[in-house]
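Scroll down for the structure; my scribbles are underneath it.
The values are calculated or read from the model by the stated rules, or taken from the named source; none is laboratory data. Just so you know, these numbers come straight off a predicted model, no measurement behind them. Every residue, glycine among them, receives a Cβ derived from its backbone with ideal geometry; neighbour counts consider all protein chains shown. We work out accessible area using only protein heavy atoms, side chains counted, and drop any ligands, DNA or RNA first. Shrake-Rupley method; radii C 1.70, N 1.55, O 1.52, S 1.80 Å.
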Amino acid sequence: MMTSTTETIQLRPIGVVRSPFQSTSGMPIQTVAAMDVQGRLEIHEEFAAGLRDIQGFEYLIVLTHLHQATEKLEVVPFMDTQSHGVFATRAPARPNRIGLSIVRLLSVDGSTLHFAGNDMLDGTPVLDIKPYVPELDVRRTDRIGWFRQGLERLPSTLSDDRMK
């Protein structure tokens, strides 16, 4: 079944991010640049049962709504000086403003998840959480488009194996 490009899809937040970052100024733009920055995910009580057994995972994939981002179809990403289509970047300025962060789960306290690797603004709505499983999620490739040149310009602390 094909869907219309004008069809509206509604999502409801399952929780909210609590973070030291109150604005995008000075905020890390990828979790790899914020490995030690802590935050927490406060999950709404109606979704708390969905957290059962989550403490068994070291890393989580967190999908968020980038509520402070604007929509653009072409952007100049931080790792480059040339414009690219937004779908060839990891810029937050996307049509649906969906964010993806891989965070390290530190602890679970009721319906609150404490984590490290925070690249999210305080108040960011959480759309979903999925366990990170390396055997399913890691893909090794040398074909990374224009990012190859951008990685060469990054400080070595950001361009090591964590970025591959």
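What the table below lists for this structure:
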item	result
Single condition Gln82 does not satisfy, out of (1) at pLDDT 95 or above; (2) open to solvent by 30 Å² or more (accessible area, probe 1.4 Å)	(1)
Lone unmet requirement of (1) at pLDDT below 80; (2) open to solvent by 40 Å² or more (accessible area, probe 1.4 Å); (3) touching a Gly at 6+ places or on another chain (Cβ under 8 Å) for Ala34	(2)
Filtered residue count, the range 95-119, keeping only those that are closer than 19 Å to His67 by Cα and open to solvent by 10 Å² or more (accessible area, probe 1.4 Å)	7
Of the criteria (1) part of a strand (DSSP E or B); (2) of a type outside the set (Ser, Thr, Tyr); (3) under 17 Å from Ile14 (Cβ atoms), which one Gly50 fails	(1)
The range 126-148, subset of a type in the set (Val, Ile, Thr) and open to solvent by less than 60 Å² (accessible area, probe 1.4 Å), residue farthest from Gly50 (Cα to Cα)	Ile144
